[in-house]
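The values are calculated or read from the model by the stated rules, or taken from the named source; none is laboratory data. The shown structure was predicted, so the numbers you read here are calculated from the model rather than taken from an experiment. As a convention, Cβ positions derive from the backbone with ideal geometry for all residues, glycine included, and neighbour counts pool all protein chains shown. What goes into the accessible areas is simple: the full protein's heavy atoms, side chains included, and nothing from ligands, DNA or RNA. Shrake-Rupley method; radii C 1.70, N 1.55, O 1.52, S 1.80 Å.
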Amino acid sequence: MRSSNPVFSRRGFSRDNGAYAGFDAQHQQAGANPYATNPYATDPATGMPQAPARVNAMTMDDVVSRTAMTLGTVILTATLAWIALPVDPANIGKSYGIAIGAALVAMVLGLVQAFKRKASPAIILGYAAFEGVFLGVISAATSTYLGAGVVIQAVLGTMCVFAAVLFAYKMRWIRVTRRFYGFVLAAAMGFMLLMVTNLLFSVFAGGDGLGFRSGGLGILFGIIGVILGAAFLALDFKQVEDGITYGAPREEAWLAAFGLTMTLVWIYLELLRLFQLLSGDD
């Protein structure tokens with residue numbers, strides 16, 4: 001099962017035909033355990049370690065701590081951007097220019113990390129910092145024009161989605177299967193294609209493009225975006241669980257944090273846009 005997260009997909013956290021693909025070519029044969037050459041890997045048949053756990057194997061504590069650092073960086077830089085870069089209604093273009101610039105840098109850093117063979121904490125934290133600046137400026141603009149309540153709703157909504165998906169996943173109400181992955185992948189590709197098309201029409205034709213991000217259609221697609229984000233979370237949880245079970249190296253915890261951060265940012269932005277529309281601002 002290959003993750004929706006391009007980082008995990010490249011790193012080899014995938015499951016195809018019941019077999020787990022490894023980190024290199026020799027582990028990508030059907031039926032191969034990605035950590036079969038690791039004497040400390042968990043035995044899939046018994047669920048017990050084949051040998052005493054090695055000190056550099058990824059644990060849940062590693063994932064939690066790295067995720068806290070990455071999300072903490074996002075929150076810190078978002079707060080600083082909100083305070084240090086106040087939105088000037090008379091020169092809103094400058095604020096949006098800063099936000100777009102920060103988003104582009106974050107995107108480049110994210111792509112660099114996605115195509116690296118090893119996790120780079122500096123790149124991941126740099127991505128988080130610039131993503132935070134982008135979110136801080138966008139959130140400040142939303143607060144200025146619609147009130148802080150919309151931002152608070154989006155934050156609380158993101159937390160609730162995360163908690164609900166985690167609970168449902170732990171209770172096994174959500175089962176990540178090949179069919180589940182295929183459906184999410186197809187839905188995500190269709191969603192992104194429509195959003196890009198809408199953006200292009202908006203840039204070249206003006207107005208709201210095809211109307212997919214405004215009015216009733218905007219609300220509908222906002223809800224779909226949140227649902228897709230929730231599905232991405234389930235896929236990320238599965239990859240983290242598999243990585244811990246099969247003895248992934250500790251450095252993979254940074255990639256888990258990176259993937260979870262990207263998903264939570266997606267959910268927050270979709271909720272922020274959704275609440276904007278519900279507040280009557282297109």
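A few notes on this one:
- Ligands, DNA and RNA left out, the 1.4 Å accessible surface of the range 60-177 is 75% carbon and sulfur atoms.
- L85, L255, L156, ranked by accessible area, largest first (probe 1.4 Å): L156, L85, L255
- Packing-based order for 239-248, 163-172, using average beta carbon neighbours within 10 Å, highest first: 239-248, 163-172
- Legend: translational diffusion of the range 120-272 by Stokes-Einstein, Rh = Kirkwood radius over C-alpha pairs, 37 °C, 0.692 mPa s; D = 191 µm²/s.
- Shape summary of the range 58-145, radius of gyration then Dmax from alpha carbon positions: 14.6, 50 Å.
- Heavy-atom accessible area for D88, with the other protein chains in place and a 1.4 Å probe, reaches approximately 70 Å².
- Debye intensity ratio in log₁₀ form over the Cα atoms of the range 183-282, taken at each q of 0.13, 0.18, 0.19 Å⁻¹: -0.56, -0.87, -0.93
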